[in-house]
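Q: Once you've had a glance at the structure underneath, I'll fire off some questions.
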Amino acid sequence: MPEPLSPRELLALDRQHVWHPYGPMPGRAAPLLVESASGVRLRLAEPVEGQDELVDGMSSWWSAVHGYNHPVLNDAAHGQLGRMSHVMFGGLTHEPAVRLAKRLVDITPEPLEHVFLADSGSVSVEVAVKMCLQYWRSLGKPRKQRLLTWRGGYHGDTWQPMSVCDPDGGMHELWQGVLPRQIFADAPPAGFDAAPDEAYAAQLRELIGRHAEELAAVIVEPVVQGAGGMSFHSPGYLRVLREACDAHDVLLVFDEIATGFGRTGALFAAEHAGVAPDVMCLGKALTGGYLTLAATLCTAAVADGISRGALPVLAHGPTFMGNPLAAAVADASIDLLLSQDWAQEVKRIEAGLWEGLAPARSHAGVREVRVLGAIGVVQLDHEVDMAAATRAAVREGVWLRPFRDLIYTMPPYITGDDDLARICAAVCAAAREG
Ligand SMILES: *Cc1c(COP(=O)(O)O)cnc(C)c1O
């Protein structure tokens, strides 16, 4: 065993050497040091604000839907570890990947038929874009190489995904002239239950029609825009996109990396609209938050188009493609999800979030409280003071990670009613003090 390092030494080394998400170097705000995690609780290496355990309100960025250290997922990981944690996927295959692919085809919307197992959400979006561009190249239409999306989206941090993230985030300015230039519609009007706005639908149709000659695909997050602003829109717009894409020979990509596996109350958000995309990206909750794995699914038509090209292969193949350990845990996680009444659990959480977040409505500085499925959002009328809001939540014994003007939670589905009430109290406290 290596020499143990004290929490203080670890944090000093962290600050000196380790990048954190969207962080400066060296780091400015000290991260909390987590020693272990179990159920819905993160155990801290040393108490912070008097708490040595925090109830997790974030599911580790949408992923840990069953909570931490789950016996079923642990068993799946241990079992697979004893057989092999990885082998290359070129020329070799294995049961975990085959089972998982078949399972994903079975549970996703009907025409999705083929599965590319990638190692992160961003890479799965890169693969989705590559599939679409290559499809049109193979069919002799290489001009169809741009993407259309709506503002307010988030699709990951690698190059193509960045080009379809919300252009008003400041990032597009930084990368002007470097990122591929895509086509942006306005952000979809807010409100899951709001009647679709006909003028907005017309804008979508008009843009797709006008750019059809150069458009490979439309890519959107269905129903919930996550990291771009935690906003919800009517599923009706997805039907508008499907019809316009069909009418103008444009592929439709749904990025369900955040929304997949029940988070919005449907197993996949596309089901709210009753439409299927040509290509779909999955990630985050795919392995129940255990390991990094993502998937890009496509229809037989897309795969067939690609296969008819001069280069009849999909030219992509990550080193850790189809990782058996991640695939085995993903399969067990999906089993676990489907073996219970997950929809009822998400409904229970939805009701708890409405009830628990209602007090925030009357706070000064709160613009809106919104809930959909197991997602609860308090939007402020000002930029949140991250340090103050985080501290307020920690004082309540809860882990939250606010951003911009948003304090939000998407708890693990196993969160009990008492812990859920605690999370809501922490969101309210963070909204008050942030
Ligand atoms: C998180 C996310 C991604 C990127 O996934 P990574 O695994 O972080 O690369 C892409 N799209 C959406 C909708 C996401 O929420």
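Q: When residues of the stretch 91-128 are filtered for being in contact with an Asp or Glu (Cβ under 9 Å, 6 or more places away or on another chain), in a strand (DSSP E or B) and closer than 17 Å to A285 by Cα, how many remain?
A: Residues in the stretch 91-128 being in contact with an Asp or Glu (Cβ under 9 Å, 6 or more places away or on another chain), in a strand (DSSP E or B) and closer than 17 Å to A285 by Cα: 1 in total.
Q: Of all residues being within 12 Å of the ligand (Cβ to nearest atom) and among the hydroxyl-bearing types (S, T, Y) in the stretch 106-140, which is nearest to T292 (Cα to Cα)? Just the residue, please.
A: Top of the filtered list is S120.
Quick grid of which residues meet (1) in contact (Cβ under 8 Å) with a residue 24 or more places away in the chain; (2) in contact with a Leu (Cβ under 9 Å, 6 or more places away or on another chain):
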| site | (1), (2) |
| --- | --- |
| R308 | yes, yes |
| H316 | yes, no |
| V329 | yes, yes |
| S339 | no, no |
| A343 | yes, yes |
| R348 | yes, yes |
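Q: Follow-up question, since we're still on this one. So which residues in the stretch 132-169 are open to solvent by less than 10 Å² (accessible area, probe 1.4 Å), touching a Leu at 6+ places or on another chain (Cβ under 9 Å) and either free of Cβ contacts under 8 Å to residues at least 60 places away in the same chain or within 22 Å of S120 (Cβ to Cβ) (or both), if there are any at all?
A: Result: C132, L147, S163, V164.
Q: Test each condition in (1) touching a His at 6+ places or on another chain (Cβ under 8 Å); (2) not in a loop (DSSP other than H, G, I, E, B) for A266 and report the one that comes out false.
A: For A266, the failing item is (2).
Q: Would you be able to say whether some residue in the stretch 320-331 is open to solvent by 10 Å² or more (accessible area, probe 1.4 Å), within 13 Å of the ligand (Cβ to nearest atom), touching a Ser or Thr at 6+ places or on another chain (Cβ under 6 Å) and assigned to a helix (DSSP H, G or I)?
A: Checking the stretch 320-331: not a single residue is open to solvent by 10 Å² or more (accessible area, probe 1.4 Å), within 13 Å of the ligand (Cβ to nearest atom), touching a Ser or Thr at 6+ places or on another chain (Cβ under 6 Å) and assigned to a helix (DSSP H, G or I).
Q: Answer yes or no as to whether A364 is surrounded by fewer than 17 Cβ atoms within 10 Å (Cβ to Cβ) and at pLDDT below 95.
A: For A364, the condition - surrounded by fewer than 17 Cβ atoms within 10 Å (Cβ to Cβ) and at pLDDT below 95 - is met.
Q: When you look at L406, is it among the aliphatic types (A, V, I, L, M) and within 19 Å of Q344 (Cα to Cα), yes or no?
A: Against the criterion (among the aliphatic types (A, V, I, L, M) and within 19 Å of Q344 (Cα to Cα)), L406 does not qualify.
Q: How many residues are touching a helix residue (DSSP H, G or I) at 6+ places or on another chain (Cβ under 9 Å), farther than 15 Å from D119 by Cα and open to solvent by 40 Å² or more (accessible area, probe 1.4 Å) if we restrict to the stretch 275-303?
A: 1
Q: While we're on this one: Would you mind stating whether G317 is outside any helix (DSSP H, G or I) and either within 16 Å of the ligand (Cβ to nearest atom) or hydroxyl-bearing (S, T, Y) (or both)?
A: no
Q: What single numbered condition from (1) outside any loop (DSSP other than H, G, I, E, B); (2) of a type outside the set (G, A, S); (3) under 16 Å from the mean Cα position of the chain (by Cα) fails to hold for E243?
A: (3)
Q: Restricting to the stretch 1-36, what's the tally of residues that are in contact (Cβ under 8 Å) with a residue 24 or more places away in the chain and within 26 Å of the chain's Cα centre (by Cα)?
A: Adding up the residues that qualify gives 4.
Q: Which one of the conditions (1) closer than 17 Å to A227 by Cβ; (2) surrounded by fewer than 24 Cβ atoms within 10 Å (Cβ to Cβ); (3) in contact (Cβ under 8 Å) with a residue 40 or more places away in the chain does E433 fail to meet, given that it meets all the rest?
A: (1) is the only condition that E433 fails.
Q: When only residues in the stretch 245-265 that are among the small types (G, A, S) and open to solvent by 10 Å² or more (accessible area, probe 1.4 Å) count, which is nearest to the ligand (Cβ to nearest atom)?
A: That would be A258.
Q: State whether the residues of the stretch 92-105 include one that is away from the ligand (no atom under 16 Å from the Cβ), under 18 Å from D304 (Cα atoms), in contact (Cβ under 8 Å) with a residue 12 or more places away in the chain and open to solvent by 60 Å² or more (accessible area, probe 1.4 Å).
A: no
Q: Same structure, new question: Among the numbered conditions (1) modelled with pLDDT of 95 or more; (2) under 30 Å from Y154 (Cα atoms); (3) surrounded by 12 or more Cβ atoms within 10 Å (Cβ to Cβ), tell me where W19 comes up short.
A: Condition (3) is where W19 drops out.
Q: All but one of (1) open to solvent by 70 Å² or more (accessible area, probe 1.4 Å); (2) of a type outside the set (K, R); (3) closer than 17 Å to A64 by Cβ hold for I375; which doesn't?
A: Failed condition: (1).
Q: From the list H172, H272, exactly one residue is assigned to a helix (DSSP H, G or I), open to solvent by 10 Å² or more (accessible area, probe 1.4 Å), in contact with a Pro (Cβ under 7 Å, 6 or more places away or on another chain) and more than 15 Å from the ligand (Cβ to nearest atom). Which is it?
A: H272
Q: Just wondering, is there one or more residues in the stretch 177-189 that are closer than 13 Å to D255 by Cβ and either open to solvent by 20 Å² or more (accessible area, probe 1.4 Å) or assigned to a loop (DSSP other than H, G, I, E, B) (or both)?
A: no
The values are calculated or read from the model by the stated rules, or taken from the named source; none is laboratory data. Everything quoted here is computed from the prediction, not taken from an experiment. Every residue, glycine as well, gets a Cβ built from its backbone with ideal geometry; the counts of neighbours run over all protein chains shown. Each accessible area value is taken on the protein alone, full model and side chains, heavy atoms only, with ligands, DNA and RNA left out. Shrake-Rupley method; radii C 1.70, N 1.55, O 1.52, S 1.80 Å.
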